[in-house]
Amino acid sequence: MKIGILGDIHANAEALRAVVEAVRREGVDCWVQVGDIVGYGPEPSACIDIVRELGCITCMGNHDAAVLDRLDTSYFNNFARAAIHWTRARLRPEDFEFLGSLQLVVRRPEFTVVHGTMHLPEQFGYVISPVEALDSLDHQDTPLCFVGHSHVPAIYLRRDVAPDDIRVVPHSEAEISYRGFDKVLMNVGSVGQPRDEDPRAAFGIVDTELQIASIRRVPYDITAVQRKILAAGLPEVLANRLSLGV
Ligand code: ZN
């Protein structure tokens, strides 16, 4: 099975379309989306439509939860909070219905999908180092687990015989074999707002037969989405950060 994994789209339809095209070229059997379809960006409904049309196996992100008023927005910085309010005022009833139907953790036989961590999915913690990866891996009962949230891609690998010895592949673009490892925890990075100083959209591809996990990058029209952010009256910083990848 070949899986295409998208995450942290953040209402950036320009980036999402570029990623979808790149994933289609791979010919995947299954689409996964690790949460935060909305927030920050100017086209939330368009992104929800694309995710739904692709039939992505999708979990709920913290921005999705905040838009639904299921998460206290005092937890967000000012710009994120402004975007949450902006988004809430513009979503269609069917968008709320779709976001409201999402679960925090989605399990399939081969993989689990969660936005933050497996140990505390409702707290939306970050996997940014082997420390959090270890806790999350302890609660992972499928060979693969896909997460997002930090917007920084990385792959964590573990063998059952040496559970504390976690191998980390921290690169923004990488292709690795996970043969011989029992558990893979993959942070697929962000489609719509990368924060690893590489402004290209990030996504993951996993081939479960060949046991290869890849993080890929694809350029997209950043200027076009920046124009839409400003025209929408969203905070300027949300446009500026996209060209820096922060
Ligand atoms: Zn996010």
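The values are calculated or read from the model by the stated rules, or taken from the named source; none is laboratory data. Since this is a predicted model, take the numbers as computed values, not measurements. All Cβ positions, even for glycine, are placed from backbone atoms using ideal geometry, and neighbour counts span all protein chains on display. What goes into the accessible areas is simple: the full protein's heavy atoms, side chains included, and nothing from ligands, DNA or RNA. Shrake-Rupley method; radii C 1.70, N 1.55, O 1.52, S 1.80 Å.
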Might you check whether a residue that is at pLDDT 95 or above, more than 19 Å from the chain's Cα centre (by Cα) and among the acidic types (D, E) occurs anywhere in region 216-233? yes
Looking at region 8-33 only, could you name the residues that are surrounded by fewer than 19 Cβ atoms within 10 Å (Cβ to Cβ) and part of a loop (DSSP other than H, G, I, E, B)? G27, V28, D29
What's the number of the condition R195 fails, among (1) basic (K, R); (2) modelled with pLDDT of 95 or more; (3) out of contact with any His (no Cβ under 9 Å at 6 or more places or on another chain)? (3)
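Conditions (1) open to solvent by 10 Å² or more (accessible area, probe 1.4 Å); (2) more than 30 Å from K183 (Cα to Cα); (3) out of contact with any Gly (no Cβ under 6 Å at 6 or more places or on another chain), marked per residue:
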{"position": "D49", "(1), (2), (3)": "yes, yes, yes"}
{"position": "D69", "(1), (2), (3)": "yes, yes, yes"}
{"position": "R81", "(1), (2), (3)": "yes, yes, yes"}
{"position": "L99", "(1), (2), (3)": "no, no, yes"}
{"position": "R108", "(1), (2), (3)": "yes, no, yes"}
{"position": "V114", "(1), (2), (3)": "no, no, yes"}
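Do we find that R92 is open to solvent by 30 Å² or more (accessible area, probe 1.4 Å), at pLDDT 95 or above, in contact with a strand residue (DSSP E or B) (Cβ under 8 Å, 6 or more places away or on another chain) and more than 16 Å from the ligand (Cβ to nearest atom) in this structure? Walk me through it before giving the result.
Working: open to solvent by 30 Å² or more (accessible area, probe 1.4 Å): yes; at pLDDT 95 or above: yes; in contact with a strand residue (DSSP E or B) (Cβ under 8 Å, 6 or more places away or on another chain): no; more than 16 Å from the ligand (Cβ to nearest atom): yes.
The answer is no for R92.
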Specify the residue that is surrounded by the most Cβ atoms within 10 Å (Cβ to Cβ); the eligible residues are those in region 208-226 that are of a type in the set (D, E, K, R) and within 21 Å of E175 (Cα to Cα). R216
Would you confirm whether any residue within region 59-69 is over 18 Å from V152 (Cα atoms), under 16 Å from the mean Cα position of the chain (by Cα) and more than 16 Å from the ligand (Cβ to nearest atom)? no
